[in-house]
Amino acid sequence: MERGRRLFAGPCDFVKGVVAMDGLPAADRVEVCFAGRSNVGKSSLINALTGRKTLARASNTPGRTQEINFFALGPAHYLVDLPGYGFAKAPKPVVERWQALLKAYLAGRPTLRRAFVLIDARHGVKPVDEEIISLLDRSAVTFQAVLTKADKLAPAARAESLAAVARDLARHPAAFPEILVTSAETGAGIPALRALIAGMA
C-alpha cells in the first residue's frame, strides 16, 4: 500500500493523445490501461487514483474520449486511458475508427502488463463488455475487472453484483481471478488498485 501511495503521490503528466498506431510513444516502460464502456466512470477513477481532479477529462457526454491518452506515472509507468467503447454520440465511422484503434493497441503492445476492464457495479457485465473481454481473451492480454460506482449500491446488492460478475468472468481464460471493487466518490478500493499497479514490473 505504501509503495502505491508513493508512486501516485509523485508526478503524473499527460504525454500525448494517440489516434493511430504509428503515434504510440516508445514501448519503454510498464503500461496498464483502463477500458470501459462509455459512462462507466473511467475518467473519474483515473482522477481518483492520481489525486488530480482534471487529469482525465470526465464528461456528461458519453464517448467524449476519442484518443488513446498516455500519462507518464513517474519514470517507469504509463497509465493509458482508452476510448470508451459501445454507445457514443458520434457518427458511426468515427466510432468504428476508435474501436479499430482500441483493438490494434490491445493486441499489439508488448509492454502492456494488464488491462483493467471497468464495469458499473449497478449493471454488471453487459454485451458490449463481453465484446472487449472476448478480444482480450483472443489477444492473450491479462485483464482484471474493476467494479465502479460501488457506493451507489447497498452492501447486500454490492455483494450480489460482485458474485454475478465473478460468474460471468469465470469462463474467460484471460481474466485475473480477483475483482476490485471501487468508488471514485468515496475512495473505496483506490489504495488497493494503486498498490497493484506499483507492484507491476
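The values are calculated or read from the model by the stated rules, or taken from the named source; none is laboratory data. All values derive from a computational prediction rather than experimental measurement. Counting neighbours? That spans all protein chains shown, and the Cβs are built from the backbone with ideal geometry, glycine included. The accessibility values were calculated without ligands, DNA or RNA, using every heavy atom of the protein model including side chains. Shrake-Rupley method; radii C 1.70, N 1.55, O 1.52, S 1.80 Å.
Modelled spin-label separation between ALA27 and ARG171, with each label point placed 7 Å from Cα along the Cα-to-Cβ direction: 3.1 nm.
Restricting region 110-201 to trypsin sites (Lys or Arg not before Pro) that sit in a DSSP loop and have at most 12 other Cβ atoms within 10 Å of their own Cβ leaves ARG171. Averaging the sequence gap over all C-alpha pairs within less than 8 Å and six or more residues apart, then dividing by the number of residues, gives region 44-201 a relative contact order of 20 percent. The label point for ASP13 and the one for ARG122, both projected 7 Å from the Cα toward the Cβ, are 3.8 nm apart.
Note on LYS53 and THR142: with the Förster distance fixed at 41 Å, the Cβ-Cβ geometry gives a FRET efficiency of about 0.85. At full extension, LYS92 and GLU130 could sit 11.7 nm farther apart than now, given 0.36 nm per residue minus the alpha carbon distance. The mean accessible area for residues of the chain, using a 1.4 Å probe and ignoring ligands and nucleic acids, is 47 Å² per residue. Taking every DSSP helix (H) stretch of at least 4 residues in the chain, weighting each as -39,500 (n - 2.57) and dividing the sum by the residue count yields a mean residue ellipticity at 222 nm of -11000 deg cm²/dmol. Classification of the chain by its C-alpha gyration tensor yields a rounded form. The axis ratio a/c (a ≥ b ≥ c) stays under 1.5.
Simple spin-label estimate for ARG113 and GLU185 gives 3.1 nm between the two label positions (7 Å along the Cα-to-Cβ direction from each Cα). Projecting the Cα atoms of TYR78, GLY36, GLY51 onto the charge dipole of region 1-155 (Cβ charges, centred on the Cα centre) puts GLY51 farthest toward the positive pole. Each Lys and Arg Cβ is given +1 and each Asp and Glu Cβ -1; about its Cα centre, the chain then shows a dipole of about 280 debye. Within region 117-201, the GluC sites (Glu not before Pro) that combine a DSSP coil assignment with at most 14 other C-beta atoms in a 10 angstrom radius are GLU178, GLU185.
Pairs of Lys residues in the chain, spaced 8 or more positions apart or belonging to different chains, with C-alpha separations under 21 angstrom: 18 in total.
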